[in-house]
1. Can you tell me which of Asp106, Asp138, Asp148 is over 24 Å from His24 (Cβ atoms) and touching a residue at least 24 places away in the same chain (Cβ under 8 Å)?
2. Quick one: is Ala92 more than 22 Å from Ser305 (Cβ to Cβ), among the aliphatic types (A, V, I, L, M) and either at pLDDT 95 or above or surrounded by 14 or more Cβ atoms within 10 Å (Cβ to Cβ) (or both)?
3. So if I check each of Trp175, Trp189, which one is open to solvent by 10 Å² or more (accessible area, probe 1.4 Å) and either hydrophobic (A, V, I, L, M, F, W, C) or under 17 Å from Thr105 (Cβ atoms) (or both)?
4. Hey, can you tell me all the residues within the stretch 119-136 that are charged (D, E, K, R) and either in contact with a Cys (Cβ under 7 Å, 6 or more places away or on another chain) or open to solvent by less than 20 Å² (accessible area, probe 1.4 Å) (or both)?
5. Which condition breaks for Asp71 when tested against (1) without any contact (Cβ under 8 Å) to a residue 60 or more places away in the chain; (2) in contact with a Pro (Cβ under 9 Å, 6 or more places away or on another chain); (3) in a loop (DSSP other than H, G, I, E, B)?
6. Which of the residues belonging to the stretch 34-67 are part of a loop (DSSP other than H, G, I, E, B), out of contact with any strand residue (DSSP E or B) (no Cβ under 9 Å at 6 or more places or on another chain), over 18 Å from Ala273 (Cβ atoms) and of a type in the set (D, E, K, R)?
7. Would you mention how many residues in the stretch 153-186 are closer than 30 Å to Glu343 by Cβ, assigned to a loop (DSSP other than H, G, I, E, B) and free of Cβ contacts under 8 Å to residues at least 24 places away in the same chain?
8. Between Glu343, Glu318, Glu307, which is in contact (Cβ under 8 Å) with a residue 12 or more places away in the chain, assigned to a loop (DSSP other than H, G, I, E, B) and surrounded by fewer than 18 Cβ atoms within 10 Å (Cβ to Cβ)?
Amino acid sequence: MKSPIGRVVLSVAAMLASAGCSSHGYKGPVSDHFDGERFYNAEPIEHGFGDLLRWMRTRDNHPWERIDTFDAPAPPPPRVDEGVTITWINHATVLIQSAGVNILTDPVFSQRVSPVSWFGPRRYHPPGVAFADLPPIDVVLISHAHYDHLDRPTVERLVEHHDPLFVAGLGLGAWLRDTGATRVATTDWWEKVELPGPLALTATPARHWSRRGIFDRNKTLWASYWIDTPAGGIYFAGDTGMAPHFAHIRERLGAPRLALLPIGAYEPRWFMAQQHMNPADAVRAHEQLGAMQSVGIHFGTFKLSDEARDAPAAALAEARAQAGLKPRDFIVPRFGERFELSESR
């Protein structure tokens, strides 16, 4: 089936095939974002299956060119003892190196992000760092359960080759242990997790949702993360729509030295705005956080929405100029590009 509706049917069939392998879910006390059964946002995301069908039927889909090979930069160093080194690998996968500790966010090295290997969003660019060229990974941060952020084959490879500590939102512990992970920490928003060395981690809010199967919508928590390093705070937004949580994070934790903010998967706005920021939103988030510098993520790797492949970079340049920011204030990275932050600011 090649029609938009046919693709939706295939997608649902794939989800049904994976329903027995859902992300389990959380059981615990009611909170201001958990009703005893499911997590929720202060500003609800209100889209149903009918909206998905409408998008598939009416979408203005810009094709992407697939890139199979490229001249990758030199692999990252094994360890970074002073300052912070940031390497954008692809999508929301970022390597953060500081104080001799290596942290990987939302690692995805598979060819597809889907419950099945034969269908679903396909990779349009190789990772900026090959899996074999990763340094020893000590910590893995998981923002939420969607397949483009929580990739089982990649997690299993990391368990086999690196045995890192996995940090994820409430409800994902059992799923991670099912992959063979033995070191797992699950956390609620604003809770701290102990990291090796002088680093400190705080789970922070996001405006998003979660699902891996048919019946587990919002059974696990989505999050962003704040990492205290000797060079200042590093904020990883994960995946999020625009919302007041950026201002709340600044109020509670201060302004980050560097923010990793999503800039892709945003068209059409009537469907995506509640869950994905566009570049103009990302610039507003940068300003609300008071970030010294930001780097765009969540673009150029998997085609998840309608905008052209180069649209996020062009739209960010326009939004940046309108806000009076310089290109170095909010960077669109190249695959595998590294950024070094010194401890003196």
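The values are calculated or read from the model by the stated rules, or taken from the named source; none is laboratory data. Note that the coordinates shown come from a computational prediction; the quantities given were computed from them, not determined experimentally. Glycine also receives a Cβ, built like all others from the backbone with ideal geometry; neighbour counts cover every protein chain displayed. What goes into the accessible areas is simple: the full protein's heavy atoms, side chains included, and nothing from ligands, DNA or RNA. Shrake-Rupley method; radii C 1.70, N 1.55, O 1.52, S 1.80 Å.
1. Result of the check over Asp106, Asp138, Asp148: Asp138.
2. Numbers: more than 22 Å from Ser305 (Cβ to Cβ): no; among the aliphatic types (A, V, I, L, M): yes; either at pLDDT 95 or above or surrounded by 14 or more Cβ atoms within 10 Å (Cβ to Cβ) (or both): yes.
Considered against the rule, which asks whether it is more than 22 Å from Ser305 (Cβ to Cβ), among the aliphatic types (A, V, I, L, M) and either at pLDDT 95 or above or surrounded by 14 or more Cβ atoms within 10 Å (Cβ to Cβ) (or both), Ala92 comes out as no.
3. Just a single option satisfies the conditions, and that option is Trp189.
4. Arg123 - this is the single residue of the stretch 119-136 that is charged (D, E, K, R) and either in contact with a Cys (Cβ under 7 Å, 6 or more places away or on another chain) or open to solvent by less than 20 Å² (accessible area, probe 1.4 Å) (or both).
5. The one condition Asp71 does not meet is (2).
6. Asp35, Glu37, Arg38, Glu65
7. Restricting attention to the stretch 153-186, the residues satisfying the condition of being closer than 30 Å to Glu343 by Cβ are 158, 162-168, 183, 185.
Then drop every residue that is not assigned to a loop (DSSP other than H, G, I, E, B), which leaves 162-164, 183.
Right, trim to free of Cβ contacts under 8 Å to residues at least 24 places away in the same chain and you get 163, 183.
Residues meeting the conditions: 2.
8. Residue meeting the stated conditions: Glu343.
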